[in-house]
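Peer 1: Got a structure for you, questions after.
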Amino acid sequence: MSNRHLARSMVMQILFQWDFKDKPTGALPAIIEQNIQEFGKGLDAANLSYIEKTVNAIIDNQKEIDTKIEQYAKNWPLEHITLVDRNILRIGVYEMLFEKEIPAKVAINEAIEIAKTYSGTPAGKFVNGILGSLYKDITHKGE
């Protein structure tokens, strides 16, 4: 597993805990630190920075990200999407819309792989469908 893939997996775990605990922003630094201590041994400074920056940016832009998820998951209200899948989608949408250094296809592929690992093959297809539709709209706007 690459260091960036591990970092993305850790972002998902942090967001999962945050979401599961009813989104306590005050507890976020402790959740981040606990996950880094438990799973982040050996990660370089760039990946540790990526984790903290990405978690905070997703939370700062959560309303816009969630609106995009709801727009593309028409038959799935956000509260009915599993916590794991919902937070994987948040990472994918964030990277596609806000993180210009990460190619959209990389963001999609990473989200699919994390979904397969943590939620199973059907979740990978679900994530692919939503992020793929967003990608089509993004690329058609650029034409």
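FYI, it's all coordinate maths here, none of it is from the lab. The shown structure was predicted, so the numbers you read here are calculated from the model rather than taken from an experiment. Because the Cβ atoms are built from the backbone with ideal geometry, glycine has one as well, and the counts that use them run over all protein chains shown.
Peer 1: Percent of Cα-Cα pairs per 5 Å bin, from 0 to the last occupied bin, for segment 55-114, please list those.
Peer 2: 4, 20, 30, 28, 15, 3, 0
Peer 1: Quick one, what does Rg over Rh come out to for segment 1-58 if you take C-alpha atoms and the Kirkwood Rh?
Peer 2: 0.94
Peer 1: Tell me the angle of helix 104-119 to the major Cα principal axis of the chain, expressed in degrees between 0 and 90 and rounded to the nearest ten.
Peer 2: Roughly 70 degrees, rounded to the nearest 10.
Peer 1: Now a separate question. To the nearest 10 degrees, how steeply does helix 3-20 sit against the main Cα axis of the chain, on a 0 to 90 scale?
Peer 2: Between the helix axis and the principal axis of the chain, the angle is about 90 degrees.
Peer 1: Another one. About the Cα centre, and with charges only on the beta carbon of Lys, Arg (+1) and Asp, Glu (-1), how big is the dipole of segment 18-119? Nearest 20 debye, please.
Peer 2: 200 debye
Peer 1: If a/c stays under 1.5 just call it rounded; otherwise compare a/b with b/c (prolate if a/b is bigger, oblate if not). Do that for segment 3-142, with a ≥ b ≥ c from the square roots of the Cα gyration tensor eigenvalues.
Peer 2: Cα axes put segment 3-142 in the prolate bin.
Peer 1: Using packing as a proxy for protection, rank 57-63, 37-43 so that the peptide with the highest average count of other Cβ atoms within 10 Å comes first.
Peer 2: 57-63, 37-43
Peer 1: Please compute the net charge surrounding residue 112, taking Lys and Arg as +1 and Asp and Glu as -1 over other residues with Cβ under 12 Å from its Cβ.
Peer 2: Local net charge: +1.
Peer 1: Next question, about the same structure. Within 12 Å, Cβ to Cβ, of residue 88, how many net charges do the neighbouring residues add up to if Lys/Arg are +1 and Asp/Glu are -1?
Peer 2: Taking every other residue near residue 88 into account, the sum is -1.
Peer 1: Suppose each label sits 7 Å from its Cα in the direction of the beta carbon; what would the residue 71-residue 41 distance come out to in nanometres?
Peer 2: Output for this residue pair reads 4.3 nm.
Peer 1: So, one more: For residue 53, go through the aspartates and glutamates and keep the ones whose alpha-carbon is under 15 Å away, minus same-chain ones fewer than eight residues off.
Peer 2: In chain and number order, the partners are 33, 44, 95, 99, 101.
Peer 1: Here's a follow-up. At a Förster radius of 41 Å, what calculated FRET efficiency corresponds to the Cβ-Cβ distance of residue 105 and residue 21, to the nearest 0.05?
Peer 2: Taking R0 as 41 Å, the efficiency between residue 105 and residue 21 is 0.80.
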